Amino acid sequence: MPKWVDVALIPLINLALALAVSMLVILWIGESPFEALAIMVKGAVGSAYGWGYTLYYTTNFIFTGLAVAVAFHARLFNIGGEGQAALGGLGVALVCLAVPWPHWTLALPAAIVGGALFGAAWAAIPAWLQARRGSHIVITTIMFNFIAQALLVYLLVGPLKASGMSPETAPFPDGAALPTAHDIAPWLGFRPSAPLNISFLLALVACAGVWLLIWRTRLGYEIRAFGHSEPAAVYAGIHPTWIIMATMLISGALAGCMAINSVMGEAERLVINSVQGAGFVGIAVALMGRSHPVGVLLAALLFGMLYQGGAELEFEMPAISREMIIVIQALVILFTGALDNMVRMPIEKFYDARRLARQRNGRGTGVAAE
Amino acid sequence: MDFATLLQILDSALRLATPLLLACLAGLFSERAGIFDIGLEGKMLAAAFFSAAYAYITGSVWLGLAAGCIASMVLAGIHGLASITFRGNQLISGVAINFLAAGLTVLIAQNWFEQGGRTPALEGAARFQNITLPFSETLAPVPVIGPIYSQVISGHSALVYIALLAVPATWYILFRTRFGLRLRAVGENPAAVDTSGVSVTGLRFAAVLICGFLCGLAGAYLATGLSANFVKDMSAGRGFIALAALIFAKWRPWHALGACFLFGLLEAFGNRFQNLSVLGVDVPVQLMQALPYVLTVVILAGFVGKAIPPRAGGAPYVKER
């Protein structure tokens, strides 16, 4: 099978299937799927206003998508992005509230450290349990999502609660406010209310960083080797505990950094449920992006458009509620993740048959090596 | 805490344990056959919606129950298709099913009833009525046993008793029938089952569909027994608590009953006492809510006994050629 079929054609067919089923759902509800699609595309990318939200969501999904993707390379399924991002939010909030920051250039590096450390710490326990005690990381990270939720509710109605009715921390100092798209590029038409902020650039840097890590460093090589075959990796002198821990710490840190965008960049305080499911979207993003940073970036952009377009869709077509986004997300996970072989098996068969036919015709003895 | 309060808490714990128990037994069938299922939550949610919707439309709770079970089994079928037929990742398939249910239920509810993603309130025959067991009036005056029988054991809806009966039934099916032996074998060593001429695919599909059916009962109880309509995300993580209970019970039916009752008890305590004080230390209610998850992690870590899942769990079976 040629490489382009594997990395481009199959994911695109899967995506097309997911969208086709989504359109059937819209049709069944009694609305026009093409009209709905037009509203979504226009709402997401048809104006600077739309882009301001689309790229904001994209930023969240890049971080959580990279988190899942890095873990996938070691064949670990980190389903705990939601909890790790929530704890990252706690880390960011503690850093931002700790001192009256004079300027965001000082606050940002400190907040990155805070978010990454807390996110990584929340991933560390399941990772250690997987590495040393053999507890299944999927189950432990799910459990840690719920524990994180309970912990944050406890903190936000108790010790961290600001004076006021709502369960949230005090607003961060002005010096910790990140430059928004309006501050940086007002000539592009971004409004002051657009949530897009400088974290988007940070997310792009993270993509490049993950690419370097996975394909250009010794650790990345070890992670991939471990993911391909644990016995072979052990035979080559790679220590499983170290790889599982390192991978999950990086994964948790990436998920935690999402809070830079959502907590520090947008809300400027820590509220209950600051993650809003982005941790789970990361799974869909990583699956669609084939765990490659470029793929993750494109998939995150697609889901960013989906989220912003979906919000507009709910506004324009009240019959279609916001949950349509979750349905599309579920179908993308289903077709690109779970039902991947449904598309892959026939295509593989087609290429195998073609290769055999060529061999029989005596034309391509060299093709067999393909 | 006096005796009457204790009885009320036990009564409430039994109600709250019922959906957990049904979902836990559902997971037991699936995972014993080697199919991991983190989609219990989604199947329950789908069943909750369809049972409430059809109970409202038809006015009969039993027709609602049937609709709920069918919806749950359709999702189970998708899980089977993905993880058995197409040998996909069972965990990813489970995640997809959870989202599919979370989205579709609200979407359809809004489309059918236009009440902000919920179903209209159910009344009369559209809800499960409480059943008073025989002799509960006569036995009531007997000290200790009487109140326990008449207040805790008697007076629940049919599904509570079905759930309790499902425990010995599950035990019998899994450990005393040929089907059960084969089902457990397929979760430990599918190649051996295949060699003896029994269809691995067939057995696994059977297990997944039983799982769907039981999740259907659990979801229907949520919407038509425990409450009187469907609301958005009403399963509220119960599918995952059931999964936790399954691990806690180490994939055994009777232990599942114990684990689910324990988690039901925790929830009942949390509902009753918003501020619980143990030995002079205030215990936050969030700690009570997190306790099932914490306990599961501790059990999984193997510090208190070791939970060993069925050996072939999670791995698709590829027939030898």
What about A:PRO33, is it buried (at least 16 other Cβ atoms within 10 Å of the Cβ) and of a type outside the set (A, V, I, L, M)?
-> yes
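Name the helices (runs of 4 or more DSSP H) wholly inside the stretch A:275-370 in which the number of residues that are acidic (Asp, Glu) and within 14 Å of chain B (Cβ to nearest Cβ) is 1 or more. Steps first, please.
Working: elements: A:278-288, A:293-316, A:324-333, A:340-360.
Once the helices (runs of 4 or more DSSP H) in the stretch A:275-370 are filtered for at least 1 residues that are acidic (Asp, Glu) and within 14 Å of chain B (Cβ to nearest Cβ), what remains is A:293-316, A:340-360.
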Selection from the stretch B:108-126 of residues that are surrounded by fewer than 24 Cβ atoms within 10 Å (Cβ to Cβ), within 13 Å of chain A (Cβ to nearest Cβ) and touching a helix residue (DSSP H, G or I) at 6+ places or on another chain (Cβ under 8 Å) = B:ILE108, B:ASN111, B:TRP112, B:PHE113, B:GLN115, B:GLY116, B:GLY117, B:ARG118
Give me the pairs: first residue in the stretch A:128-155 and more than 7 Å from every other protein chain (Cβ to nearest Cβ), second residue charged (D, E, K, R) and surrounded by 20 or more Cβ atoms within 10 Å (Cβ to Cβ), beta-carbon distance under 6 Å, and six or more apart or on different chains, which are they?
-> A:ASN145/A:GLU82
Qualifying position, being facing chain A (nearest Cβ under 10 Å) and either within 29 Å of B:ILE308 (Cβ to Cβ) or at pLDDT below 95 (or both), among B:GLY59, B:GLY94 | B:GLY94
Of those in the stretch B:176-234 that are in a loop (DSSP other than H, G, I, E, B) and without any contact (Cβ under 8 Å) to a residue 24 or more places away in the chain, the residue farthest from B:ALA71 (Cα to Cα) is B:SER196
The correct count of residues that are at pLDDT 90 or above and either in contact with a Lys or Arg (Cβ under 9 Å, 6 or more places away or on another chain) or of a type in the set (Val, Ile, Thr) (or both) in the stretch B:235-245 is 1
Residue, surrounded by the most Cβ atoms within 10 Å (Cβ to Cβ), within the stretch B:248-296, restricted to residues that are modelled with pLDDT under 85 and of a type in the set (Val, Ile, Thr) = B:THR296
Output the number of residues of the stretch A:230-266 satisfying the condition of being more than 22 Å from A:LEU204 (Cβ to Cβ) and among the small types (Gly, Ala, Ser).
-> 5
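The values are calculated or read from the model by the stated rules, or taken from the named source; none is laboratory data. Predicted model only: the values in this text are computed from it and were never measured. So basically every Cβ, Gly included, is an ideal-geometry build from the backbone, and we count neighbours across all protein chains shown.
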